[in-house]
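The structure appears right after this line, and notes come after that.
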Amino acid sequence: METDASSYLIRPNYKHKFKAGVAKEYMRDILREELSGVQYNPEEIPTLSRSLADTIKNKLKAAGFERYKLIVQVVMGEQRGEGVKMAARCLWDADTDSYAQEMYVNDSLFCVAAAFGVYYY
């Protein structure tokens, strides 16, 4: 019986490790491209936020972060000069797991995207 040696990896090699800087750059580009000139419309926000999350997740999958579970969260709201506080707690391995976040703001809306990369042992 022959087994794939990579199925027993307990740490990702550097090439395939989740890189927060790369993820942040991808998210920045996607948010700028998709939200430039968009006005806040409460009926469109649920669809738009799901679409952004899927686009970010697919871009991160294509980046080659092998054996990583990717979690993407997108929060959008109307820009009215009010503050918003967000927090996340995770139990993870600090050597292999990481996250990135990016924010986009225009005169009409704000968007906060967070991507979590959790290594699958």
Using alpha-carbon coordinates, inclination of helix 45-62 to the longest axis of the chain, degrees: 30
Listed by chain and number, the lysines with an alpha carbon less than 21 angstrom from that of Lys59, same-chain partners under 8 positions apart left out, are Lys15, Lys17, Lys19, Lys24, Lys69
For the chain, the Cα gyration tensor yields equivalent-ellipsoid semi-axes (√(5λ), largest first, whole Å) of 32, 14, 11
Would you mind computing, in nm to one decimal, how far apart the modelled labels at Ser36 and Ala88 are, each placed 7 Å from Cα along Cα→Cβ? 2.6
Hey, any idea what % of the chain's accessible area is carbon plus sulfur with a 1.4 Å probe? 49
Place a point 7 Å from Cα of Gln73 in the direction of its Cβ. Which residues in the stretch 97-118 have their backbone N less than 15 Å from it? 98-103, 111-118
Given a Förster radius of 25 Å and the C-beta distance between Glu25 and Asn106 as r, what FRET efficiency does 1/(1 + (r/R0)^6) yield to the nearest 0.05? 0.80
The computed P(r) of the stretch 82-121 puts the percent of Cα pairs beyond 12 Å at 68
For the chain, what is the accessible area per residue in Å², given a 1.4 Å probe and the full set of protein chains? 68
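The values are calculated or read from the model by the stated rules, or taken from the named source; none is laboratory data. Quantities reported herein were computed from a predicted structural model and do not represent experimental measurements. Note that each Cβ is placed from the backbone with ideal geometry, even for glycine, and that neighbours are counted across all protein chains shown. For the accessible areas, the whole protein counts, side chains as well, though only heavy atoms, and no ligand, DNA or RNA atoms are used. Shrake-Rupley method; radii C 1.70, N 1.55, O 1.52, S 1.80 Å.
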